[in-house]
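> Quick one: the structure is below, and I'll ask about it shortly.
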Amino acid sequence: MQTTTKSIAYALVGVLTVISPSAADAQTYPDKPIRMIVSIAAGSVTDVIMRAVANELQPRLKQPLVIENQGGAAGILGGQACARAAPDGYNICVIYHSTMSYNPLLFTKLPYNPDTDFTPIARLFFLAEGLFVSSALNVSTVAELKARALSDSQLNYATLGAGSFPDLFLQWMNNQWGTKIVGVPYRGGGPAAQALAANDVQVTRFGIGNFTALMDAGKVKALAVTSSTRSPLLPNVPTLDEVGLRGYPGQGWWGLAAPRGTPPAVIARLNREFVTLFGEPKFKEFLDKQAVVSAPTTPKDFAAFLREDRKAAETLIRIANTRPEEYKPGP
């Protein structure tokens, strides 16, 4: 009996020796800065939001969140950086619809696997988007834009690269109208908005928040919003349904993930902090001004949402008649 008791005691000591480092890590996390990979260029709406998030969470986490922008290639560069990062809780990734739902259907040989390389942390928000044109184009309605596109083969449209959400909408719109508007890639909504204001491109679809100052300055015009109802930020701008561009099933969103293998206790802590912040009235007011809709979830609910969003992407790609292409990294 005494031998058995001693054996159990030694076994418990061994178990505690094994589990105590991870338990200690969970209790002390974080004890150094956290790298946050943002899959879009600096200055874009999502970048602005995540920098505000970093400012808000630093005193709560007692460590800085260091933004690293990895824009371009429809979120592929950011997804690749996330997949290759250490799963130690000090690398987290801001992902979106292209990263997880569209890229695996639009490209072969992706440098990451959206189904196995990431651990979902939380969906954060939906985008309130619009269809915008350069004021220099001298069109004021979607009908006028369609007529111009049918008569002018030189119109350019800002995207985030081949297969990105804006590009996919362009392909769908060209398919609906029988037009040949040309996609031009940019690294984010901010650069795309500036290109539109300069008339380097004539039309695009991005989050409303990228364009509010430029609309106030008279450099760009909003022709339609993508939501089912009119935006309180643009009450006089019709919806796509109202102007006859019906049937597009896609919806823009952004969320948070970590490299696969990140400790569950870390995922839970990060989810708690982000969900709490995105539910606070003052921060939601800030998000409203950025033209996004707060929509935080649990990790489990985010994973379920990702599965449904992939199905919606499949429907959209079928409608747009888009075939997958081999992904080839740029120079």
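> Limited to the stretch 110-169, what total is found for residues that are within 30 Å of Met100 (Cβ to Cβ), of a type in the set (D, E, K, R) and surrounded by 18 or more Cβ atoms within 10 Å (Cβ to Cβ)?
4
> For the condition of a type in the set (Asp, Glu), more than 14 Å from the chain's Cα centre (by Cα) and within 26 Å of Phe125 (Cβ to Cβ), what is the one hit in Glu308, Glu326?
The unique qualifying residue is Glu308.
Yes/no per residue for (1) farther than 25 Å from Tyr102 by Cα; (2) of a type outside the set (Ser, Thr, Tyr); (3) without any contact (Cβ under 8 Å) to a residue 12 or more places away in the chain:
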position: Asn236; (1), (2), (3): yes, yes, yes
position: Phe286; (1), (2), (3): yes, yes, no
position: Val292; (1), (2), (3): no, yes, no
position: Thr298; (1), (2), (3): no, no, no
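> A follow-up question, please. For the structure I just gave you, tell me whether Ile95 is closer than 30 Å to Val220 by Cα, in contact (Cβ under 8 Å) with a residue 12 or more places away in the chain and not assigned by TED's automatic domain parsing to the domain that holds Tyr186.
So Ile95 passes the test.
> For Leu145, which of the numbered conditions (1) more than 24 Å from Gln176 (Cα to Cα); (2) outside the structural domain of Glu285 (by TED's automatic domain parsing) fails to hold?
(1)
> Taking the stretch 247-287 only, how many residues are outside any loop (DSSP other than H, G, I, E, B) and loosely packed, with under 15 Cβ neighbours inside 10 Å?
7
> So, of the residues in the stretch 225-251 that are at pLDDT 85 or above and of a type in the set (Gly, Ala, Ser), which turns out to be nearest to the chain's Cα centre (by Cα)?
The residue in question is Ser231.
> Considering only residues of the stretch 196-246 that are in a helix (DSSP H, G or I) and in contact with a strand residue (DSSP E or B) (Cβ under 8 Å, 6 or more places away or on another chain), which is surrounded by the most Cβ atoms within 10 Å (Cβ to Cβ)?
Leu196
> A follow-up question, please. Out of the residues in the stretch 149-176 meeting the condition of being under 12 Å from Val203 (Cα atoms) and more than 27 Å from the chain's Cα centre (by Cα), tell me which one is modelled with the highest pLDDT.
Here the answer is Ala149.
> Answer with yes or no whether Gly43 is outside any helix (DSSP H, G or I) and either more than 23 Å from Tyr90 (Cα to Cα) or modelled with pLDDT of 95 or more (or both).
yes
> Follow-up. Mind listing whichever residues of the stretch 177-187 are on the phi < 0 side of the Ramachandran plot and either modelled with pLDDT under 90 or part of a loop (DSSP other than H, G, I, E, B) (or both)?
Thr179, Lys180, Ile181, Tyr186, Arg187
The values are calculated or read from the model by the stated rules, or taken from the named source; none is laboratory data. The structure presented is a predicted model; accordingly, all values stated were derived computationally and were not measured. Don't worry about glycine lacking a Cβ; one is built from the backbone with ideal geometry, like all the others, and counts go over all protein chains shown.
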